[in-house]
Every structure is written in structure tokens, then in C-alpha cells.
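Before any comments, here is the structure.
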Amino acid sequence: MTESAVVQDTAEFDERIARIVAQVPGWDDGKATWKWLSGGGAHKNFLVDNGDGTAQSVVKLWNRDWETLGIVPPSAVPMLNTVDAGRAGIGAPVVAIVDDPLALMIEFLPGKPVNLKDPDVLPRVAAKARQLHDSGLNFRRDFNPFAEARVILASAQRADVALPDDYNEILPVLQRIEQALDLRPRDFVPSHNDLYSANLLEQPDGTIRLIDYDLSGNSDRCYDLGLMTTFEDLDSDQVSRLTESYFGTFDRRMRARVEMFAIASDYCQFALFATALAVADMNDDYDYAGFMTQNWSNIQKRTSGAGFGAFLAEV
């Protein structure tokens, strides 16, 4: 969470933020001030100061319209998962959950997004992901990226969003990947499901925290690694190092699964942005069409690459 990300006037939201803060003990004396924070894809984020500079928090003003479209899970899921991750020392501690207007208030953690291309950072991020996955937490939904994509895309198709010309050609390939991965909920672990640099916060003391649990749920432990792989455009050597750092040794099968989950994460994100595109006026500061195109391009590239068949056979 970086104060350098502060942008935009808050006037449209001031009344709602004031109502939220007034309901939180210790913040309800009328002295709080707030600023806009960029980076809220589904919701709106605000940096709140208690008025004397001794405490700061982030208020995430919830947008429930996204739930009705099936883009994000019901609010209780990410909110309670955020509480659990904060208590485990993996995410930011939660200050309060406010019902009306619906909002999540968390501690402001000073820091900056990690640079996953830094060879010294990659193993630390792998260790933090492993800490979440091995934490024993039981998040409040299971997450199969292929099933999730089908549900979300149904909303996009009902809204007549145009899908890529080769969608029906590549769909059977995605189905083969799903069959090969053979996802079984009993093997799932608590997963972030949106783990890329913006949600990997390095604090001044070097501690890494995982923030923003909007898409979290129990999933295959390789999904978070696959998402990092494609979102951060890691090269083959970097992906191998990430996998080896996570598992403690190089495992060809796990390396292949990470590669397949990179495709799965692009498919799921493609579906999300396709549906968001149908209602772009809800968050018109985001280039949904551009994100959707990029995700599909990533899928085309990976499924047509020279190593795809070998990776698929290895999982």
C-alpha cells in the first residue's frame, strides 16, 4: 500500500466514507480525513488518517454490483478470508467490517510492490505463497479456475460480448488442460488467486505481505504460481526458479503444472474481463478490452508454443 498511489477527488464518496468511519470505534470522533487510493479494480479504496497522524487505515468501499454478475464471490467470502489472512500474519490486519454502506477497513501497511524479476525477491515470494498454502486456513469457497471461467463467461455471453474468433478452436485445448490437471478439492489449499506484484507488498523491514483477497479461495497450490508466471511475464528460467524455490527442489511435474496453471489463470481472468466489459461504465477507468485481449493473446501463445505438448503430457 503506497501513498504515492493517491489520485482523484473523493467528493462523490465523502458522505459514504464519513458514515463508515463513524461506525468504527477509535475512528468515530469526527477528526478522520481521507484520500483516494488507486488500484481498486472491483471496489474503491481510500486511505484514511485518524486526524492526528498516529494511525492510518484503508477503507475498501464495496461494489456489490460485481457480485450479481458473478465476477467476484459474495462479499462475506473475501471479507472473512481477509480477516483470516490478517490474523495469520500473512495479510493486513482487519480493523472492521461495516454493513451499511458495505465496506472493509484494514490497517494501512507502508511498503511497495515487489519486483518479481529481482532474483533475490523470487524465492522470498515463493516462501510467502507457501506460508499461505501451508497455513491450515480453510477459506470460505473452493476455486476451480476452469469452472469459474465457465460461470463468468455465461454472464458475458448473455450480454452479447464478442469473444475472439478462435475461441471455439482453442476451447477444446483448455478442456484437455483441465482434464490433465484433474483438480480435486480435497487437495486444495488456501490460495490468494490474484497473486501478482501489486498484491505482494514489501514492507520497510523486508517483510512481504499478501494483500487483496477479493478472489481468494481454496485451490490447487500451483495456481498462485501460474498466475504470477503469466501476469509478471516471467521467462522459463524464472518460472523454474520460482517452482524450485517453492517446492525446495526442482520437480518436472510441478514445473509443468505451473505452466498449465498459467494458462488456466489467463482463461479465468479473460472471462472476468469479458464480463466486466459488458458493464464497463461501472468502472470506466479500467481498460477491460485491453486486459481481455492480452489474456487471450497469452493463451494463444502458450498453447501454440513448442513446449506445450511436453508440459501437458508431464502433469
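No lab work stands behind these numbers, since they all come straight from the coordinates. In this text the structure is predicted, and so the values were computed from the model without any measurement. Quick reminder, even Gly has a Cβ in these numbers, built from the backbone with ideal geometry, and neighbours come from all protein chains shown.
Placing a label point 7 Å from the Cα of Q175 along the Cα-to-Cβ line, no residue of region 126-167 has its backbone N under 12 Å from it. On the basis of the beta-carbon distance and an R0 of 41 Å, A154 and N50 show a calculated FRET efficiency of 0.40. Spatially, region 160-202 and region 27-99 are offset by 26 Å when compared through their Cα centroids. Its Cα centre serving as origin, the chain has a Cβ charge dipole (Lys and Arg +1, Asp and Glu -1) of approximately 940 debye. Highest-first packing order for the peptide set 157-167, 123-133, 295-305, 218-228 is 218-228, 123-133, 295-305, 157-167, based on the mean count of other beta carbon atoms within 10 Å.
Normalised radius of gyration (Cα atoms, divided by 2.2 N^0.38 Å) for region 112-211: 1.38. Between A306 and Y286, with labels modelled 7 Å along Cα→Cβ, what's the label distance in nm to one decimal, could you check? That separation, rounded to one decimal, is 3.7 nm. Build a GNM of the chain with springs between Cα atoms under 10 Å apart, and of T293, T54, T68 the one that fluctuates most is T54. Mean separation of Cα pairs under 8 Å and 6 or more residues apart, divided by the residue count, gives the chain a relative contact order of 17 percent.
Note on region 116-269: with charges restricted to the Cβ of Lys and Arg (+1) and Asp and Glu (-1), its dipole about the Cα centre is near 640 debye. Any chance you could give the angle, 0 to 90 degrees and rounded to 10, that helix 252-278 forms with the longest Cα principal axis of the chain? Around 60 degrees separate the two axes. Pop the C-beta distance of Q203 and T293 into the FRET formula with R0 = 22 Å and round what comes out to the nearest 0.05. FRET efficiency, Q203 to T293: 0.05. Can you classify region 61-157 as rounded, prolate or oblate using the Cα gyration tensor, where a ≥ b ≥ c are the square roots of its eigenvalues, rounded means a/c under 1.5, and otherwise it's prolate if a/b beats b/c and oblate if not? Oblate. Once both axes come from the Cα atoms, what is the angle between helix 145-158 and the longest principal axis of the chain, in degrees from 0 to 90, rounded to 10? The angle comes out at about 70 degrees. Spacing of the modelled spin labels on D120 and A11, each 7 Å from Cα toward Cβ, amounts to 4.6 nm. Rounded to the nearest 10 degrees, the angle from helix 76-87 to the longest Cα principal axis of the chain is 80 degrees.
According to the calculation over all Cα-Cα pairs in the chain, the P(r) per 20 Å bin from zero is 32, 58, 10, 0 %.
Using every pair of separate Cα atoms, the Kirkwood estimate puts the hydrodynamic radius of region 180-315 at 15.9 angstrom. Modelled spin labels at K31 and A88, positioned 7 Å past Cα toward Cβ, are 3.6 nm from each other.
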